[in-house]
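Novice: Okay, here's the structure, questions in a sec.
The values are calculated or read from the model by the stated rules, or taken from the named source; none is laboratory data. These numbers come from a predicted model, not from an experiment. A quick note on method: Cβ atoms are made from the backbone with ideal geometry, for glycine too, and the neighbour counts reach across all protein chains shown. What goes into the accessible areas is simple: the full protein's heavy atoms, side chains included, and nothing from ligands, DNA or RNA. Shrake-Rupley method; radii C 1.70, N 1.55, O 1.52, S 1.80 Å.
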Amino acid sequence: MTGSSGPSNRPVAGLPKSAYPANPRLAVGAIVFNAGRVLLVKRGRPPAQGQWAIPGGNVKLGETLQEAAQREISEETGITIKAGEPVHTFDSVVRDAEGRVQFHYVIVDLAAHYVAGTPIPGDDADEVRWIGPEDLDGLPVSAPTLALLRDKYGF
């Protein structure tokens with residue numbers, strides 16, 4: 001399968017090391033509500049740079065989905081959560097101009113309970129904040145996040 005996954009599977013200048021993977025990567029997101037608002041981050045890196053989305057990231061070897069979500073949300077937002085069960089799973093496949101797979105994630109979003117903390121962007125988030133339904137139309141929200149919040153949570 002030469003040439004199917006990317007130029008070389010080596011880091012490409014300006015792109016994260018997750019670009020041009022040999023295999024899909026497993027990632028988690030945590031859907032966290034507090035006082036009628038949902039926790040969203042503005043992505044600071046590709047893919048989806050500049051878009052608002054459910055916070056989360058890669059699952060490390062040996063972590064459960066819940067452990068990964070709790071760690072990622074802490075690193076990305078400064079918030080402490082208690083992750084629950086999966087509520088949504090989807091693929092995120094981004095191709096480059098030549099049609100090669102530049103990014104491929106299988107993302108499992110978990111329901112989560114807010115425990116403590118004030119949102120502070122960290123890790124790969126440019127911004128983080130609690131968003132109400134009235135705020136969604138004014139933000140560049142990723143299509144999967146928007147669909148999930150509207151369809152499953154009536155946001």
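Novice: With a 1.4 Å probe and every protein chain kept in, tell me what percent of the accessible surface of the chain is carbon plus sulfur.
Specialist: Percent of accessible area from carbon and sulfur atoms in the chain: 51.
Novice: Please give the helix 143-153 orientation as an angle from the longest Cα principal axis of the chain, in degrees from 0 to 90, rounded to the nearest 10.
Specialist: Approximately 30 degrees, to the nearest 10.
Novice: Shifting gears a bit: Within the stretch 80-114, name every residue whose backbone N is under 18 Å away from a label modeled 7 Å from Cα of Ala35 along the Cβ vector.
Specialist: 80-81, 113-114
Novice: Under 15 Å Cα to Cα from Lys42, which aspartates and glutamates show up? Leave out anything in the same chain fewer than 8 places away.
Specialist: In chain and number order, the partners are Glu72, Glu75, Glu76, Asp123, Asp124, Asp126, Glu127, Asp135, Asp137.
Novice: Here is a further query. How much of the DSSP bridge set in the chain is antiparallel, in percent, rounded to the nearest 5?
Specialist: 70
Novice: While we're looking at this one, here's another question. Per residue, how many Å² of accessible area does the stretch 4-155 show with a 1.4 Å probe?
Specialist: Accessible area per residue: 51 Å².
Novice: Same structure, new question: Relative contact order, percent, of the stretch 82-155 when contacts are C-alpha pairs under 8 Å separated by at least 6 residues?
Specialist: Here the relative contact order equals 24 percent.
Novice: Take every Cα pair under 8 Å in the chain that's 6+ residues apart, average their separations, divide by the length, and report that relative contact order as a whole percent.
Specialist: 28
Novice: Full extension from Ala143 to Thr64: what is 0.36 nm times the residue separation minus their Cα-Cα distance, to one decimal in nm?
Specialist: Full extension from Ala143 to Thr64 adds 25.8 nm.
Novice: Using a 1.4 angstrom probe with every protein chain in place, what is the largest-first accessible-area order of Phe33, Phe103, Phe90?
Specialist: From most accessible down to least: Phe33, Phe90, Phe103.
Novice: Then there is this: So how do 143-151, 48-56, 22-30, 93-101 stack up, highest first, on mean other-Cβ count within 10 Å?
Specialist: Ranked by mean Cβ neighbours within 10 Å, highest first: 48-56, 22-30, 143-151, 93-101.
Novice: Enter the Cα centre distance for the pair the stretch 62-115 and the stretch 18-56, rounded to the nearest angstrom.
Specialist: Cα centroid of the stretch 62-115 versus Cα centroid of the stretch 18-56: 6 Å apart.
Novice: Let me ask something additional. Kindly sort Ile120, Ile79 by accessible area of their heavy atoms, largest first, with the probe set to 1.4 Å.
Specialist: Order by accessible area, largest first: Ile120, Ile79.
Novice: Hey, what angle do you get for helix 65-77 against the long axis of the chain, alpha-carbon based, 0 to 90 degrees rounded to 10?
Specialist: Tilt of helix 65-77: around 80 degrees.
Novice: Find the eigenvalues of the gyration tensor of the Cα atoms of the chain, then list the square roots of 5 times those eigenvalues as equivalent ellipsoid semi-axes, largest first, in whole angstrom.
Specialist: Taking √(5λ) for each Cα gyration eigenvalue gives 27, 17, 14 Å.
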